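Below: one structure, written as structure tokens.
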Amino acid sequence: MNNQLPQLILGDVIVPVPVIQGGMGVGVSRSRLAGAVAKEGGIGVISTAQIGYDEENFEKNPAECNCRAIIKHIAQAKEIAGGNGLVGVNIMVALKHYRQHIETAVEAGADVIICGAGLPADLPGIAQNYAREHGKKIPKLMPIVSSARAAGIILKMWDHHYHTVPDCIIVEGPMAGGHLGFQESVLENIENIDFDAILCGVIDSKKPYEEKYTKKIPVAAAGGIFDRQDIDHVLSLGADAVQIASRFVVTKECDASDAYKHAYIEAGKGNIQIVKSPVGMPGRAVRNAFIRQVEQHKQEITGCYQCLEKCNPKEVPYCITQALIHAVKGELEQGLIFCGENVSRIHEMTTVPELMRELTQG
């Protein structure tokens, strides 16, 4: 095995370690985790989804609190990173304040903006226009896709409307945690999904645009990437980097509660399941008391945090903001605990430096 992983080249920026820490909301990946990953030379990612859940006045004005928290946590992460790696944000397309979060992240000096949970067709327009109008740096822009078809749509739209291409494309497979870009019917036969073929299809789809723009478009593989062996495998297929989320939860630096982290350590393979999310996508989570409750009856929703663009509190089975806040705070009986398929392989607490060494050195 070659112990030295290749650097990730993002145009004019070199990332020493080709590891992107996946964004995890609500509050699971904020400044402590993202800053620690960047400090080790990777890309640390803050999830903006209800990031301000513990800010004063969140119940009355969540949108304002979230923007304030985005600015605060990007600054804190960069301070922790000490000039190493990159600090980015993950902004779900499904968010009601998607545009506002992008503009706030640009204002705060995010190095990277990653968008999934929908196709970020207008991401370049929003980020570039705001940056130019306000004299800010344009972050590196990375869409998340789950198929070559989705990658092709984004490449075509960004080329046609904005005369640009992604700085990196993240290809997320069916073993990922949280929201998944696959239909429930497809996930019922998950063993028939060939992620290697999907990854290679995306790599092929970008080649005409690399030629047109005389620019390499890196690809990062995500979903089920657990160890150095997995990293070497996807790199051998032509990937340039990996995105890993679940393994970073069980680190000292992760922003979630200790109870949340121990739920990962204690999770067995038999209690990981696909759940229905109010986002409109299936998601993967630890089966716990909360999931059993919502399977039996719809939860009463007394207020709305205005988090999702398409959410009717009268119709959804539960409030995802409330469920994720309970989880990150350690109130697990009332909380939704998103996780990846390989969480049962995690058995002990570690630190970000130790995990990064393991991933890079084997």
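The values are calculated or read from the model by the stated rules, or taken from the named source; none is laboratory data. Every value quoted in this text rests on a predicted model; they were computed, and no experiment measured them. As a convention, Cβ positions derive from the backbone with ideal geometry for all residues, glycine included, and neighbour counts pool all protein chains shown. Heavy atoms of the whole protein, side chains included, go into the accessibility calculation; ligands, DNA and RNA do not. Shrake-Rupley method; radii C 1.70, N 1.55, O 1.52, S 1.80 Å.
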Review point. GNM on the chain, C-alpha springs below 10 Å: top fluctuator among Ser146, Ser29, Ser185?
Key: Ser185
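What percentage of the solvent-accessible surface of the chain, computed with a 1.4 Å probe over protein heavy atoms, is contributed by carbon and sulfur atoms? Could you put the intermediate results ahead of the total?
Values: 7300 of 15280 Å².
Carbon plus sulfur share of accessible area: 48 percent.
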**Study point:** Taking segment 226-362 and dividing mean pair separation by its residue count, relative contact order in percent (alpha carbons under 8 Å, at least six apart)
**Key:** 37
Check your understanding: Ala75 versus Ala289, label points 7 Å from Cα toward the beta carbon: distance in nm?
Key -> 3.9
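Using 0.36 nm per residue, how much length does the chain from Asn129 to Thr214 gain when fully extended, once their Cα-Cα distance is taken away?
Value of the extension gain: 28.3 nm.
Enumerate the helices in the chain for which the Kyte-Doolittle hydropathy averages 1.0 or more and the C-alpha atoms extend at least 24 Å along the helix's axis, using complete DSSP H runs. Can you show the working numbers first?
Values: long enough: 62-81 (27 Å, 0.04).
Passing helices, by number: none.
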Exercise for review: Run the numbers on the chain and let me know its relative contact order in percent, using alpha-carbon pairs under 8 Å that are six or more apart.
Suggested key: 18
Exercise for review: Treat every Asp and Glu Cβ in the chain as -1 and every Lys and Arg Cβ as +1, leave all other atoms uncharged, and give the resulting dipole magnitude about the Cα centre to the nearest 20 debye.
Suggested key: 460
Study note, to complete from the structure: By the Kirkwood definition, with r running over pairs of different Cα atoms, segment 221-264 has a hydrodynamic radius in Å of 11.6
**Study point:** Loop-located GluC sites (Glu not before Pro) in segment 179-210 whose Cβ has at most 12 other Cβ within 10 Å (DSSP)
**Key:** Glu188
Study note, to complete from the structure: When the chain is treated as a Gaussian network with springs between alpha carbons less than 10 Å apart, the largest mean-square fluctuation among Gly35, Gly177, Gly11 is found at Gly11
**Study point:** Exposure of Val275 as accessible area (Å², to 10), given a probe of 1.4 Å and all protein chains
**Key:** 10
Revision key, fill the gap. For Cys200, Cys115, Cys304, the accessible-area ranking with a 1.4 Å probe, largest leading, is Cys304, Cys200, Cys115
Revision key, fill the gap. Links exceeding 31 Å between C-alpha atoms in this model, out of Lys252/Lys314; Lys136/Lys212; Lys96/Lys269; Lys140/Lys252, come to Lys252/Lys314; Lys96/Lys269
Exercise for review: Could you state the accessible area per residue of the chain in Å², with a 1.4 Å probe and every protein chain left in place?
Suggested key: 42
Exercise for review: With the cut-off at 21 Å, report for segment 279-362 the share of all Cα pairs above it, as a whole percent.
Suggested key: 42
Review point. What is the set of long-range amide H partners of Val89 at a cut-off below 5 Å, with H atoms built 1.01 Å from backbone N?
Key: Ile46, Val112, Ile113, Ile114
Check your understanding: Over all Cα pairs of segment 1-90, how is the pair count split among 5 Å bins, expressed in % and running from 0 up to the last occupied bin?
Key -> 3, 17, 23, 20, 15, 10, 6, 3, 2, 1, 0
Point to revise | segment 184-327 pair-distance distribution - Cα-Cα, 5 Å bins, rounded % | key: 2, 7, 13, 15, 16, 16, 14, 9, 6, 3, 1
Check your understanding: Which distance in Å, rounded to a whole number, links the C-alpha centroids of segment 1-60 and segment 92-121?
Key -> 14
Study note, to complete from the structure: CD proxy, 222 nm, the chain: helix-only mean residue ellipticity via -39,500 (n - 2.57) per DSSP H run with n ≥ 4, per residue, nearest 500, stands at -11000 deg cm²/dmol
Practice item. Enter the accessible area of Ile14 (Å², nearest 10), with the probe set to 1.4 Å and all protein chains included. Key: 100
Revision key, fill the gap. Taking r as the C-beta separation of Val186 and Lys60 and R0 as 35 Å, the FRET efficiency to the nearest 0.05 is 0.30
